[in-house]
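Report on one structure; see the data block that follows.
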Ligand code: SF4
């Protein structure tokens, strides 16, 4: 069963090797939170993000040292890198010269027409797309005066920024319209979507810590994607950005849009559970993060209901008293001592994956 309305048709742009928009899969991106000037720390974080499936990464460029560091960073990573710039056109040009794959800068904030033109000419010469990042908290003064901090104000800001670029013959644009509250964010994207075909980068900004951030992002991003709005997503969490990628893929999986790696289902436990299921689920979840097989794995608290309730899982375990059972598609395969349950399950998953790869 699908929750999705038909995806809105957008123009396609390329962020390095990653297509965004039109019929390209909805991509998942994140942003580093290291000091960009610290090349090694930033590279290490991006490599962790790559491992988690990140498809586009953005780094803040607060000064010239950071803009220059991007060159060394770019040489050691494998996914497209976007330079995130506020106001300073010289940082945009230096970042482009460092070999980044895209710029995030709002033309309306760059300053005089010749500075805007310099950035646009540079983006054209390097074939870089530009993301206009409208943030509800930092609207242009005139727009805020006229519309207040509203969805309409955000949309007007986006349209004004798009116009600046398109009047200069620049069309490799994507737009984000982020606010920290879900309702305003969703409303802004809904209003903008029918007015332009630029691909939309969707997210709820400053969403908060883990629980608030995941919940707000899942609702905001999920609502929009289910309406066919959104070409690339970023979950914002005050956490290790790897968690953003995991959450992003879980949102896409829950909507049936994309699947990456194994899917884990587990029961909440109840009075019938006689094993430490929380610990087991945590261990299995950690092990599955490093596996890419697309299988459904179930971790159930008891043998009475577990295998039956998790019939649709390809493989799973259910807890007994001091032991557990391994089951496949609801059929019990064997009994295993509790101490070896996780290891045996992982071995079986790897064996199934190998077999699937051989076919
Ligand atoms: Fe309770 Fe067993 Fe169902 Fe888990 S699988 S919720 S332990 S009945």
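Read-outs throughout are calculated quantities, based only on the coordinates presented, and are distinct from any laboratory measurement. From a predicted model like this one, the values you see are computed outputs, not experimental measurements. Reconstructed Cβ throughout: ideal geometry from the backbone, glycine too, with neighbour counts over all protein chains shown.
Details
- Note on residue 12 and residue 87: their simple-model spin labels are 3.9 nm apart, each label 7 Å out from Cα toward Cβ.
- Among beta bridges from DSSP that stay inside the chain, the antiparallel ones total about 30%.
- Top of 343, 231, 314 by mean-square fluctuation, Gaussian network on the chain, Cα under 10 Å: 343
- Distant alpha-carbon pairs in the chain (separation over 26 angstrom), percent: 55 percent
- Diffusion constant of the range 263-354 at 25 °C, which comes from Stokes-Einstein with the Kirkwood Cα-pair radius and 0.890 mPa s, µm²/s: 195 µm²/s
- For residue 166 and residue 305, the FRET efficiency from 1/(1 + (r/R0)^6), where r spans their Cβ atoms and R0 equals 51 Å, is about 0.30.
- According to the Kirkwood relation over distinct C-alpha pairs, the hydrodynamic radius of the range 45-146 is 14.2 Å.
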